[in-house]
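A.B. asks: Supplied in structure tokens, the structure appears directly below.
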Amino acid sequence: MRITDFYSYKKPGPRISMVTAYDYTMASIAAESPADCVLVGDSLAMVMHGHPTTLAATPELMALHTSAVARAVKDKLLVADMPFLAVRKGLRHAMDAVELLSRAGAQAVKIEGVDGHAEIISHIVGSDVPVMGHIGLTPQSVNRLGGYAPQGRDEASAEKLVRQAAELERLGCFALVLECVPAPLAGRITSLLKIPVIGIGAGPHTDGQVLVLQDLLGMYPQAPSFVKKYLDGRALIGKALRDFDREVKEQVFPPAGKRKNEDNKDDKRLAPAPYGAGIRR
Ligand code: KIV
């Protein structure tokens, strides 16, 4: 999917599926999947680095992970998050972060919130860097919000979200992530906007869904309750590690006796690579 395909994904078109990826190996699996879009989310601060919030992500850290993901994701839209404070320290700082992420391989950036940084969003869009908005539960605001509570549950906060969504469309965002809002409100915002709305914990009425890959694979222990686990990754990986440990201790692995590649002839890692090979798998 290219950015120009996004508008055809507005309902009643096909729904957009977006997954996060933070490293080359997982990104290569996402790249081979039919998922439409890959997000290098600042959730990597939690999922990859074990921080309690996303606030620890910096532009440099985002760029490092984005470049690893970009080496695997060639034919899908690759979006990277502008991390905590990246759009709040002035235009120069914001554009430096945009440049880092773009040079790392992101084709678009995602920005949380709009109030107070609308002009910066507009400048980024005007610089030909596509922007995906993100409102509702914005994890970078966790300290103001007092936790990860759903948003838009009373009339005033629902109306604020409707206004912010319209503002982001007006500023030129090509899509919007709507996180943890009641399903009817998500449906209302989706039908008000011309740009696709991608939901997370926002019910079934949006134009698409996004999930953190490690959440949907059942690998991250603190996944939000709305996540559907498509795999019990922790149990499967745990079993593989127990099997490995047992086989080492019982001296089952590696098997005794002369093996085909004992002299390393068949070990591809040691074979000389032909010129130019091994860059892309
Ligand atoms: O950081 C992230 O992974 C995100 C998605 C969950 C939308 O923003």
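A.B. asks: For the subset of the stretch 1-57 comprising residues that are aromatic (Phe, Trp, Tyr) and out of contact with any Leu (no Cβ under 7 Å at 6 or more places or on another chain), which member is modelled with the highest pLDDT?
C.D. replies: Looking at the filtered set, the residue picked out is 24.
A.B. asks: Another question, then. Please work out if residue 170 is away from the ligand (no atom under 16 Å from the Cβ), farther than 21 Å from residue 18 by Cα, open to solvent by 20 Å² or more (accessible area, probe 1.4 Å) and assigned to a helix (DSSP H, G or I). Reasoning before the result, please.
C.D. replies: Working: away from the ligand (no atom under 16 Å from the Cβ): yes; farther than 21 Å from residue 18 by Cα: yes; open to solvent by 20 Å² or more (accessible area, probe 1.4 Å): yes; assigned to a helix (DSSP H, G or I): yes.
Answer is yes for this residue.
A.B. asks: Write out, first by first residue and then by second, each pair whose Cβ atoms fall under 7 Å of each other, whose residues are 6+ apart or on separate chains, and whose first residue, in the stretch 172-195, is under 22 Å from residue 226 (Cβ atoms) while the second is of a type in the set (Phe, Trp, Tyr).
C.D. replies: 175/6
A.B. asks: Just to verify a result, which residue in the stretch 35-52, among those that are out of contact with any strand residue (DSSP E or B) (no Cβ under 9 Å at 6 or more places or on another chain) and small (Gly, Ala, Ser), is nearest to the ligand (Cβ to nearest atom)?
C.D. replies: 45
A.B. asks: Then there is this: Residue under question is residue 146, and the condition is that it be over 16 Å from the mean Cα position of the chain (by Cα), open to solvent by 40 Å² or more (accessible area, probe 1.4 Å) and not charged (D, E, K, R); does it hold?
C.D. replies: yes
A.B. asks: Another question about this same structure. Cβ contacts < 8 Å: first residue within 17 Å of residue 85 (Cα to Cα), restricted to the stretch 134-158; second residue within 16 Å of the ligand (Cβ to nearest atom) and open to solvent by 80 Å² or more (accessible area, probe 1.4 Å), any location; separation 6+ or different chain. Result?
C.D. replies: Listed by first residue and then by second, the contacts come to 137/148; 139/148; 142/148.
A.B. asks: Another question about this same structure. Cβ contacts < 6 Å: first residue over 15 Å from residue 41 (Cα atoms) and in a loop (DSSP other than H, G, I, E, B), restricted to the stretch 209-221; second residue more than 9 Å from the ligand (Cβ to nearest atom) and of a type outside the set (Lys, Arg), any location; separation 6+ or different chain. Result?
C.D. replies: From the stretch 209-221, the pairs are 217/231; 217/233; 218/231; 218/232; 218/233; 219/233.
A.B. asks: For residue 185, only one of the following conditions fails: (1) open to solvent by 30 Å² or more (accessible area, probe 1.4 Å); (2) assigned to a helix (DSSP H, G or I); (3) not small (Gly, Ala, Ser). What is its number?
C.D. replies: Result: residue 185 fails condition (1) only.
A.B. asks: Hey, could you check the stretch 198-243 for residues that are open to solvent by 50 Å² or more (accessible area, probe 1.4 Å) and among the polar types (S, T, N, Q) and say which is farthest from residue 51 (Cα to Cα)?
C.D. replies: Ranking the candidates gives 209 first.
A.B. asks: With the condition kept exactly as written, say whether any residue in the stretch 3-25 is of a type in the set (Phe, Trp, Tyr) and open to solvent by less than 30 Å² (accessible area, probe 1.4 Å).
C.D. replies: Within the stretch 3-25, the subset of a type in the set (Phe, Trp, Tyr) is 6-7, 9, 22, 24.
Keeping just the survivors that are open to solvent by less than 30 Å² (accessible area, probe 1.4 Å) gives 6, 22.
Within the stretch 3-25, one or more residues are of a type in the set (Phe, Trp, Tyr) and open to solvent by less than 30 Å² (accessible area, probe 1.4 Å).
A.B. asks: Name the single residue that is nearest to the ligand (Cβ to nearest atom) among those in the stretch 53-90 being of a type in the set (Val, Ile, Thr) and open to solvent by less than 40 Å² (accessible area, probe 1.4 Å). Give the steps one after another, and end with the answer.
C.D. replies: Let us first name the residues in the stretch 53-90 that are of a type in the set (Val, Ile, Thr), namely 53-54, 58, 66, 69, 73, 79, 87.
Then drop every residue that is not open to solvent by less than 40 Å² (accessible area, probe 1.4 Å), which leaves 53-54, 66, 69, 73, 79, 87.
Numbers: 53: 11, 54: 6, 66: 12, 69: 12, 73: 15, 79: 9, 87: 14 Å.
Ranking the candidates gives 54 first.
A.B. asks: Does at least one position in the stretch 20-31 carry a residue that is within 13 Å of the ligand (Cβ to nearest atom) and within 21 Å of residue 133 (Cβ to Cβ)?
C.D. replies: Scanning the stretch 20-31 turns up at least one residue that is within 13 Å of the ligand (Cβ to nearest atom) and within 21 Å of residue 133 (Cβ to Cβ).
The values are calculated or read from the model by the stated rules, or taken from the named source; none is laboratory data. Just so it is clear, the structure is predicted and the values come from calculations on it, not from any experiment. A quick note on method: Cβ atoms are made from the backbone with ideal geometry, for glycine too, and the neighbour counts reach across all protein chains shown. Ligands, DNA and RNA are stripped out before the accessible areas are found, and what is left, the full protein with its side chains, is counted by its heavy atoms. Shrake-Rupley method; radii C 1.70, N 1.55, O 1.52, S 1.80 Å.
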